[in-house]
Amino acid sequence: MIQFKRKFSKKSKLALVLVSALLLSISWWGASCITIFVVFVPLLLISAQYSDSKRDTFAMLGWATLAFLLWNALTVWWVWIATPAGPIVASVVSTWWSLVAFMLYHIASKHAPKAIAYTIFITAWIATEYIYTQAPAMSFPWLSLGNAFADDVWAVQWYEYTGAFGGSLWVLLMNILALESLLTMSKRMWVVTTIAFVLPLGVSIILYEVNSP
């Protein structure tokens, strides 16, 4: 069970939701891919301070819905140029799949050990990304987490072996490690988090240099 003893006020929760949505959006604005590694931490902190009651579950659903809708609105608005209905449909469908994965994690985190809850989060998120990208009626893979590195291809040269889903796995794992580092404030945890960030990045830089003409 994942818990965070501090109780956030509604204003604090709103601020955390806005931070999460903004950090997610920045990763698609071409500014930097760095923010993608902590985008879920604000939402995960909110989740960790809720109980398993129905009231708290619906409260978390509301905050998560707001975060994912804002993320979609801030990143797919440009589809409006081609079709006014496009960004609305894309935002609703994308938000739905994000909520499926996140709420599965939220519920599991109240009843299962951390390892199981985190595994469900990673598995469910990547599974919903795959379903969304393969759906014949509505496929919009642009907001897959692995695509956050579109402007920083030097950082994910190992995509040739894993594809963009490898990037999604890296992002989710880093967010979980960042959360655990904050919850435990363990020096060992911070070391593990740093290694998980530096190792794939180092491999990518080597591959980038080797493959550069």
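Over the chain, Cα pairs under 8 Å with separation of 6+ residues give a relative contact order of 20 percent.
When only the Cβ of Lys, Arg, Asp and Glu is charged (+1, +1, -1, -1), the dipole of the chain relative to its Cα centre reaches about 1140 debye.
Pulled fully out, how much extra length does the chain show between residue 161 and residue 74, if you take 0.36 nm times their separation in residues and subtract their Cα-Cα distance?
Residue separation times 0.36 nm, minus the Cα-Cα distance, leaves 28.2 nm.
Of all accessible surface on the chain at a 1.4 Å probe, what whole percent is carbon and sulfur? List each step's numbers first, then the result.
Details: 7930 of 10900 Å².
The computed percentage sits at 73.
Close amide-amide hydrogen proximity is noted between residue 151 and no other residue 5 or more places distant or on a separate chain, at a cut-off under 5 Å (H modeled in the peptide plane; Pro and chain starts excluded). Solvent-accessible area per residue in the chain equals 51 Å², computed with a 1.4 angstrom probe and all protein chains kept.
The values are calculated or read from the model by the stated rules, or taken from the named source; none is laboratory data. Note that the structure is a prediction, hence the values are computed from the model and not measured. Ideal geometry is used to build each Cβ from the backbone, glycine not excepted, and the neighbour counts take in all protein chains shown. Just so you know, the surface numbers come from the protein's heavy atoms only, side chains and all, with ligands and any DNA or RNA stripped out. Shrake-Rupley method; radii C 1.70, N 1.55, O 1.52, S 1.80 Å.
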